[in-house]
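Contents: one structure, followed by commentary.
Each reported figure results from applying straightforward, stated rules to the coordinates on display, with no laboratory input. Quick caveat: nothing in here was measured; it's all calculated off a predicted structure. Backbone-built Cβ (ideal geometry, glycine too); neighbour counts: all protein chains shown.
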Amino acid sequence: MIPYKGNVVTAGLGPIFGRHRSIGQFACLSVLVTAFAWSSVAVPAALAGGKLKAKGSLSSTGEEAAASGSYIAVMKAKKSKFQVKAKRLSPVADYELLVGGELRASARSNGGGNVKFKLQSSQTEGLGFDPRGAEVEVRSVSGAVLDGVFAAAGESSDTKYDERADLVGTALAPGAEGKVRYRIKKGQASFECEVEDAPDGTYDVVVGGVVEMTLVVAGGDGEVEIEDGLSFDPRGKTVDIAQGSDVYLTGVARAPAGGIDECEETENRQELGAAAGYPASSGYLEYEIDDDCDPGFEVEIEDLPLGSYEVQINGISRGTIEVVSTLDGNEGELEFGDDDGGPALDFEPIGATVLILEGVTPLWSTTFVGGGTTPPTGSCDAFEITRSLIRTGVDPSVKGEGRHRRDDDCDEDFQVEIEDGALGTHTVWIDGVQKATFEVVLVDDEPEGEVEFDNEPKAGEVLLDFDPAGKLIEVKNAGGLVIAEYTWPAN
């Protein structure tokens, strides 16, 4: 394997490579020729023609010894799905799905101890995260019950994996195109690279900056494959087809995935006021989601004596804030979900009780409400809250979700959506009062149905004449049985 440095020639303003925020988005460069060391390369995105199909298993942690689990992932440019099934759990019990340490869904097991989490993008709503390379956990109130790794070292030995991505020709081969394919089957990994309409000759296949294969092109076409003894993992790495320092085709061994990493930035801040016994002190709680769909929760306190302050969330000690002296005075913070080594955000912030203590003395005790009450028309604090509804077990295949949002112009809506349940008429109930009726029908061969409440309803919408905060949201089937429910976070 040979370390590699090379030149990429771009065709005018063609989208050959660029830093990208989400799969399939390119930043175009207008330079004609750029020479670089590989460590400084901006990674090109995979094109829309690729796809990923994978499945594997999750292992019991011993918390529930008989438990077993599996996952299925399908990722394409238009639609992505990540599904986790668990069996032999405690019957009629609540479980959460964490991916990469972040809470992604919650559900209740049926009477047989089975539960399914199905996360899926659509034409209007994204999957919201990329599970590739992440740890996957199913948790009960007692802790992790099942765990595993998806699409990275440590994945289960029974993993089946098939990922394809496109290569695009540079200005040296503007009509050329190519594909790469990485597969795992029966514990054996293989990697294939194929090009078409490229100049004849012998090329290096450079994966992640290292020459891994040799490709011979004759009559414009060439193909090379390693079926046994593959010594590298190409997933997520840049692949170049090169002669010396000249790159003829380039791409990333990563399938596109519809809806990933496309979130609107949201920020929800709640002031704490002065702590008991320290009238000059202050603090705040802040929950935010960035445009890469990464959530974070921060607790900050100021103008207190130097020292350590314990933070409890819902009665559980979650960490310590060290108040230190700064140019702005004494202050300290604790950030959950911080990529720089902070504790994982493995709890739901909205609706959580936050307690900050000095020794055994409580200084602040409050509930993080999220969203707040509706300000006067024309001047509002924007927010968006999305929650998975909890299955009751009546329809074990159903998946429900609610979304409450308001923009800074005070436009407000509340949406309830059902997938994978029985077809037919369903109703939405708010604190025991029926508010809407909707139909679950087949959409692309999958059961789907939704109802949207709006403070200024359009055709097909229902007037939002209630505040969901703190209320029990129920979805009932045609027989009047509750199939999914959730108590919405209180203001």
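Pulled fully out, how much extra length does the chain show between Val441 and Glu384, if you take 0.36 nm times their separation in residues and subtract their Cα-Cα distance?
Working: separation 57, 0.36 × 57 = 20.52 nm, distance 2.68 nm.
Answer, rounded to one decimal: 17.8 nm.
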Which whole-number percentage describes the relative contact order of region 383-487, with Cα contacts under 8 Å and a sequence gap of 6 or more? 27 percent
Lys, Arg +1 and Asp, Glu -1 on Cβ, resulting dipole of region 51-149 about Cα centre, debye, nearest 20: 760 debye
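What full-extension length gain, to one decimal in nm, is calculated for Asp454 and Val394 as 0.36 nm per residue of separation minus the Cα-Cα distance? Can you show the working numbers first?
Details: separation 60, 0.36 × 60 = 21.60 nm, distance 2.90 nm.
Working it through step by step, the gained length comes to 18.7 nm.
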Could you tell me the center-to-center distance, by alpha carbons, between region 83-101 and region 188-224 in angstrom? 43 Å
Cross-link pairs beyond the 20 Å C-alpha cut-off, checked among Lys53/Lys116; Lys55/Lys87; Lys399/Lys476; Lys87/Lys471: Lys87/Lys471
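Would you list Ile350, Ile316, Ile184 from fewest to most Cβ contacts within 10 Å?
With the sparsest Cβ surroundings first, the list reads Ile316, Ile350, Ile184.
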Sorted largest first, the Cα spans of region 135-199 on the principal axes come out in Å as 60, 24, 13
Give me the net charge for the shell around Gly236: Cβ to Cβ below 13 angstrom, other residues only, Lys and Arg +1, Asp and Glu -1. +1
Listed highest first by mean packing, meaning other Cβ atoms within 10 Å per residue, what order do 70-76, 436-442, 457-463 come in? 70-76, 436-442, 457-463
Around Phe297, what is the net charge, scoring Lys/Arg as +1 and Asp/Glu as -1 over all other residues with Cβ under 9 Å from its Cβ? -4
If you stretched the chain out fully between Thr427 and Asp158, how much longer would it get, using 0.36 nm times the residue separation minus the C-alpha to C-alpha distance? 92.7 nm
Counting only the backbone N, which residues of region 446-483 are under 16 Å from the spot 7 Å out from the Cα of Lys79 toward its beta-carbon? 446-450
